[in-house]
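Everything below concerns the one structure shown next.
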Amino acid sequence: MPESQGRTSASQRRALAEFLRARRAGLSPADLGLAEGGPRRAAGLRREEVAVVAGVSVTWYTWLEQARPINPSEDVLRALARTLRLGPDETAHLLALAGPTPRAPAPAEPSPALQDLVDGQHPAPAILTDRRWDLIAWNHAAEALWRYSTVPADEPNVAVLTFHPVIRARLVNWSAHARRVVAEVRADSAGLTDDPRFALVLDRLRAHPEVDRWWSAAEVRSRVGASKVFDHPQAGLLRLEEVVLRPAGAPDLQLTVLVPVRGSDTAQRIGTLL
C-alpha cells in the first residue's frame, strides 16, 4: 500500500481511527450503491465494504481503524474520503490527522498591536482566541455583553463558555450554534491531538451530554462565522454577523468580530451597555 513520508503520533492515529469508525457507522450500504448483504451486528458499513469501494485491502483498512503505525498516501486517503462521502472540511480533517505530527501551538500572548486590533473593532464585540479556543483578548463591547473579566483564570475557553447557562439562555437557537461549535472544535482538533491543554478542554466539553453525542457523530466544519441573535436582558435582541479572521503573522490566533447587522439598531443597543 502506498505510504506518505511523514510519521504520525500515536494520539493522531487514535483520533484518525475514531474518525473513520464514526463516519463508517453513519453510512449504509445503500449510500454506496451496495446490497445489504444479510443481517448486521452493528449499524453502518462493514470494514470490508469500505475497503472494496476504496480499492484497498481489508487487512490494511482494519489496521488503519486499529490505529496501527501505517502511513497512507494522500491518494489513498482521498479514496477513503470519497468512499465515506466526506465533504471538503471533513476531507481536510482526515488529511490533517494522517499527516506529520504538527508543531505545538505558540504561547498565546497578544502583542500591543493585536490588542489594538481587537479594541479597534468597537462598537462591534471582538475577541482573540488561540487554536485551543482559549480567550486571549477582548474589547469593551465584548466585556459589556459577556463580562469575560469575571471568568475564572483557568476557564477562559470560548468553546466551553458556549455551554455556560447564561449563553444557553441568551443565544437564540442555541442548540444549532452549539453543535456547530463542536464541529468547528473537531476541525481544529487535528492539530492538537498531543496537546495537554486541549485534552483538558475536550474533557470539559464532553462532560456535557450533548457534546458527547455530537462529538461521536464526527461532524467537521471550518470556522467561517454565522448569523447570531442574542436576547440580552437589558439591551434586548442583538442581531450580529460573526466574522472570523486570522491576523497576519499570528497563525495560531483568530479574531472573531460580531458585526451589527446593517439596518438593525443593534449597535445602538450595545451602546446602552457601555
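Assorted remarks:
- The single condition among (1) over 12 Å from the mean Cα position of the chain (by Cα); (2) touching a residue at least 40 places away in the same chain (Cβ under 8 Å) that D203 does not meet is (2).
- Of all residues making up region 96-119, the number that are at pLDDT 90 or above and open to solvent by less than 60 Å² (accessible area, probe 1.4 Å): 6
- Residues that are among the aliphatic types (A, V, I, L, M) and in a loop (DSSP other than H, G, I, E, B), drawn from region 210-264: A217, A218, V220, V224, A226, A235, A248, A250, V261
- Region 148-173 - residue that is modelled with pLDDT of 90 or more and outside any helix (DSSP H, G or I) and, of those, nearest to W138 (Cα to Cα): N157
- Some residue of region 11-18 being among the hydroxyl-bearing types (S, T, Y), in a helix (DSSP H, G or I), modelled with pLDDT under 95 and surrounded by fewer than 20 Cβ atoms within 10 Å (Cβ to Cβ): yes
- Test: residue in region 76-87 that is over 21 Å from the mean Cα position of the chain (by Cα) and not in a helix (DSSP H, G or I): no
- Taken over region 193-205, the residue count meeting the criterion of being over 14 Å from L16 (Cβ atoms) and outside any helix (DSSP H, G or I) is 1.
- Condition met for L86 (touching a helix residue (DSSP H, G or I) at 6+ places or on another chain (Cβ under 9 Å) and open to solvent by less than 20 Å² (accessible area, probe 1.4 Å)): no
- Subset of region 219-234 that is without any contact (Cβ under 8 Å) to a residue 60 or more places away in the chain and aliphatic (A, V, I, L, M) - its residue that is surrounded by the fewest Cβ atoms within 10 Å (Cβ to Cβ): V224
- Selection status of D252, closer than 23 Å to S11 by Cα, open to solvent by less than 80 Å² (accessible area, probe 1.4 Å) and in contact with a strand residue (DSSP E or B) (Cβ under 6 Å, 6 or more places away or on another chain): yes
- Applying the condition of being of a type in the set (G, A, S) and closer than 16 Å to R132 by Cα to region 142-177 and asking which residue is surrounded by the fewest Cβ atoms within 10 Å (Cβ to Cβ) yields A153.
- Test: residue in region 30-53 that is within 23 Å of D194 (Cβ to Cβ) and assigned to a helix (DSSP H, G or I): no
- Exactly one residue out of P123, P112 is of a type outside the set (A, V, I, L, M) and out of contact with any helix residue (DSSP H, G or I) (no Cβ under 8 Å at 6 or more places or on another chain): that is P112.
- Against the list (1) in contact with a helix residue (DSSP H, G or I) (Cβ under 8 Å, 6 or more places away or on another chain); (2) of a type outside the set (F, W, Y); (3) over 30 Å from R14 (Cα atoms); (4) open to solvent by 10 Å² or more (accessible area, probe 1.4 Å), the condition S216 fails is (3).
- Residue among A217, A250, A207 that alone is closer than 26 Å to L84 by Cα and out of contact with any Pro (no Cβ under 8 Å at 6 or more places or on another chain): A217
- Of all residues in region 123-136, those that are under 13 Å from R223 (Cβ atoms) have Cβ atoms under 6 Å from Cβ atoms of residues that are among the acidic types (D, E) and open to solvent by 20 Å² or more (accessible area, probe 1.4 Å), 6 or more apart or on another chain, in R131/D188.
The values are calculated or read from the model by the stated rules, or taken from the named source; none is laboratory data. Treat the numbers as computed from the prediction; the structure is a model and nothing was measured. Cβ coordinates were reconstructed from backbone atoms using ideal geometry, including for glycine residues, and neighbour counts include every protein chain displayed. Only protein heavy atoms, including side chains, enter the accessible area calculation; ligands, DNA and RNA are left aside. Shrake-Rupley method; radii C 1.70, N 1.55, O 1.52, S 1.80 Å.
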